[in-house]
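Structure record follows, encoded as structure tokens.
What follows draws every value from the coordinates through simple rules; no lab data is involved. All values derive from a computational prediction rather than experimental measurement. All Cβ positions, even for glycine, are placed from backbone atoms using ideal geometry, and neighbour counts span all protein chains on display.
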Amino acid sequence: MGMKPQKIRPLAICVFRHEDRILVAEGRDEIKDETFYRPLGGAIEFGEYARDTLVRELREEIGAEIGDLQYLGALENVFTYMGEQGHEIVLVFDGAFVDRAFYRQERIDGNEDGLGAFVAMWKPLSFFEPGPPLYPDGLIDLLKAVI
């Protein structure tokens, strides 16, 4: 029985904004008994640019075409999820949906390879202060600094 190799995962996430709200997926850590939220995105594959990761992930997960991607910054996230330690370098982008109908949907159903179905919803930043966590750590401060 060997230990799982410890690796840093490179991720790209996109903050879609509509009025005072951002689009986030709801997640759950049963071990911590915690509901949390995170913008959509995913792992950057070897040889893939972060912008291309976002185009691919949003197309795969919710069938959306995106554009107007603007780099906002990078966050380092060291965390524990479901009892396992994780370490991510997260490139954060602002972006827009090509199909404006996404901005009118209260709930967007998605599916992530390996993790199954998820629900994304529009939440105001004030929902997270104080409130359930918005991951990655430092995202609220980054958004306040650049928006």
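Pop a pseudo-label 7 angstrom from the Cα along the beta-carbon direction at both Tyr71 and Gln85 and give the gap in nm to one decimal.
According to this spin-label approximation, the distance is 3.0 nm.
Shape call for segment 1-88 from the C-alpha gyration tensor, a ≥ b ≥ c root eigenvalues: rounded (a/c under 1.5), prolate (a/b greater than b/c) or oblate? Walk me through the intermediate numbers first.
Working: a/c = 2.08, a/b = 1.37, b/c = 1.52.
Note, shape of segment 1-88 comes out oblate.
Below 10 angstrom from the Cβ of Asp113, what's the summed charge of the other residues (Lys, Arg +1; Asp, Glu -1)?
On the way: positive: none; negative: Glu57, Glu60, Glu61, Glu112.
Neighbour charge sum, excluding Asp113 itself: -4.
Please compute the contact order of the chain in relative form: average sequence separation of alpha-carbon pairs under 8 Å and at least six residues apart, divided by the residue count, as a percent. All intermediate terms of the calculation are to be shown ahead of the outcome.
Values: 274 pairs, mean separation 43.6, N = 147.
For the chain, the relative contact order is 30 percent.
On average over all directions, what projected area in square nanometres does segment 49-120 have, based on the convex hull of its Cα atoms? Provide the component values of the computation, followed by the final result.
Details: hull surface 22.9 nm².
Spelled out: convex hull of the Cα atoms, projected over all directions, averaged, 5.7 nm².
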